[in-house]
Amino acid sequence: MNPPQIPLGPLQARELRGALSGPFDLDLAPGHCTVLSGPSGIGKSLLLRMLADLDPNQGRVSLAGVSRESLPASTWRRLVTYVAAESGWWEDSVAAHFTDLDAVRPLLPQVNLDAALLQAQVLQLSSGERQRLALLRAVVQKPRFLLLDEPTAALDPASREGVEQLLKRLQAEGTGLLVVSHDAEQAQRLGDIRLQLDHQGLHEVAP
């Protein structure tokens, strides 16, 4: 299914807050990567989940000037897609999680995955395989913005490089990225903008 006809434009949040965090103001541009860092437990994952409207929150959030409230929740989450560090799997087989296997097959070698994994059971997968397949599960939906929570945390260097190259290609095609990472070198490789979330709030840091 194709995304609704919303023009390319920024993902913006104003006074975004949850029960335990915020308020946050945030501007993310299409085709750019913002890397978010900060201490464990400070609320980075919660911020991504609030942007994707997965956790209760208040504030104004819009995509290309279109308010989140004007779209069905399922549509918003397909356009602004959150990928957890450990994503959920609700069927036994890997293939059951993809509506278009032909779309995902060409992406598998880009992230060091064998096509045979599409015929595997989820319980047979390593944590790194699950992490990469969850990313591809999101990518094939063609979101406008990907909100990625430590997308390479479980990966070896070769697989990490494959994921980073895929993210750079998506970025070149206009996808906006917000990536949580504790890896300073990765932040330097990927980030056009670097944000820090700490007890003083959310603020931009120098490269």
### Matching entry among LEU101, LEU16 (being at pLDDT below 95 and either touching a His at 6+ places or on another chain (Cβ under 9 Å) or of a type in the set (A, V, I, L, M) (or both))
LEU101
## Note on the structure
Within the stretch 113-157, the count of residues that are part of a helix (DSSP H, G or I), out of contact with any helix residue (DSSP H, G or I) (no Cβ under 8 Å at 6 or more places or on another chain) and open to solvent by less than 20 Å² (accessible area, probe 1.4 Å) comes to 3
#### Entry: Residue ID - surrounded by the most Cβ atoms within 10 Å (Cβ to Cβ), chosen from residues in the stretch 184-205 that are charged (D, E, K, R) and within 24 Å of LEU16 (Cβ to Cβ)
ARG194
### Message
Please go through the stretch 5-45 and give me each residue that is in contact with an Asp or Glu (Cβ under 6 Å, 6 or more places away or on another chain), outside any loop (DSSP other than H, G, I, E, B) and not basic (Lys, Arg), ordered by number.
### Response
GLN12, CYS33, SER45
### Task
Considering only residues that are over 18 Å from VAL80 (Cα atoms) and in contact (Cβ under 8 Å) with a residue 60 or more places away in the chain, look in the stretch 158-183 and name the one that is surrounded by the most Cβ atoms within 10 Å (Cβ to Cβ).
SER181
#### Entry: Failed criterion for SER70 (all others in (1) open to solvent by less than 40 Å² (accessible area, probe 1.4 Å); (2) of a type in the set (Gly, Ala, Ser); (3) free of Cβ contacts under 8 Å to residues at least 60 places away in the same chain hold)
(1)
### Message
Among the residues of the stretch 24-58, what is the count of those that are within 11 Å of GLN12 (Cβ to Cβ), in contact (Cβ under 8 Å) with a residue 40 or more places away in the chain and open to solvent by 30 Å² or more (accessible area, probe 1.4 Å)?
### Response
2
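The values are calculated or read from the model by the stated rules, or taken from the named source; none is laboratory data. In this text the structure is predicted, and so the values were computed from the model without any measurement. For neighbour counting, all protein chains shown are included, and Cβ atoms are generated from backbone atoms with ideal geometry for every residue, glycine included. Only protein heavy atoms, including side chains, enter the accessible area calculation; ligands, DNA and RNA are left aside. Shrake-Rupley method; radii C 1.70, N 1.55, O 1.52, S 1.80 Å.
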